[in-house]
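Since the structure comes first, as structure tokens, the remarks are kept for the end.
We did not get these values from a lab; they are worked out from the coordinates using the rules stated. Please read these numbers as outputs of a predicted model, since none were measured by experiment. Glycine also receives a Cβ, built like all others from the backbone with ideal geometry; neighbour counts cover every protein chain displayed.
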Amino acid sequence: MTKGVWVVLAITMVVVTGNVAILWHVLQSGFSAREQPSELEVIFARQLRSLAMPKAQKQLKNPVPASEEVLAEARIHFADHCANCHGNDGSGSTLIGQNFHPRTPDLTKIETQSFSDGELFYMISNGIRFTGMPAWGKGRPEPDLDSWKLVHFIRHLPSITREELALMEKYNPVSQVAREEQERIDRFLQGEVLDPESPAHHH
């Protein structure tokens with residue numbers, strides 16, 4: 001048999017075996033998102049993701065030179081777009097991130113840091129099916145410099161400083177209630193006499 005046939009057979013075996021294992025696990029535990037994926041599911045999902053990712057994409061090199069300016073820009077982008085799920089520190093220890101199925105990964109760990117720049121870019125730009133990770137990019141590597149800058153920031157996360165984390169907080173999205181409360185505080189500090197707040201609760 002040709003190499004291509006062997007590859008197709010190997011992929012087919014992985015898919016069939018994985019599907020049978022996952023079906024068995026689902027029948028045993030149901031469809032609840034509270035129970036995290038088994039080790040077998042994780043291994044299968046990672047292998048399938050790797051097989052599905054184009055080889056040329058994996059080999060892409062980051063076209064954006066690393067610099068303090070690039071990190072600063074990506075830090076703001078991450079705080080505004082990514083931190084709700086991943087946390088400013090990339091640990092994934094957020095209310096949203098910990099309730100996904102599977103949970104949002106810790107980007108500082110070797111499981112993420114061992115990906116090539118091309119793999120990280122591909123996942124940022126195209127998202128990951130059957131997870132909470134959306135497709136953020138423009139679909140093509142050339143014009144998508146923001147995603148390439150985020151790759152640099154992800155590489156930087158294991159050594160991020162407390163000062164950087166503090167800077168990121170002001171760029172984190174806030175709720176309408178929190179925004180209105182901050183506006184009241186600002187007006188009060190500027191000398192405005194405010195009416196007592198209504199006892200009604202926000203929903």
Check your understanding: ³J(HN,Hα) across segment 119-134 via Karplus (A = 6.51, B = -1.76, C = 1.60, θ = phi - 60°), whole Hz, x for Gly/Pro?
Key -> 5, 4, 4, 4, 6, 5, 6, 10, x, 9, 4, 6, 9, x, 7, x
Point to revise | Förster radius 25 Å - calculated FRET efficiency between L95 and A166, Cβ distance, rounded to 0.05 | key: 0.75
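Roughly speaking, what is the stretch gain from Q57 to Q176, that is 0.36 nm per residue apart minus the C-alpha to C-alpha distance, in nm to one decimal?
38.9 nm
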**Study point:** segment 54-187 - Rg (one decimal) and Dmax (whole number), Cα, Å
**Key:** 15.6, 56
Revision key, fill the gap. Placing each pseudo-label 7 Å from Cα in the direction of the beta carbon, S67 and R184 end up separated by a distance in nanometres of 4.5 nm
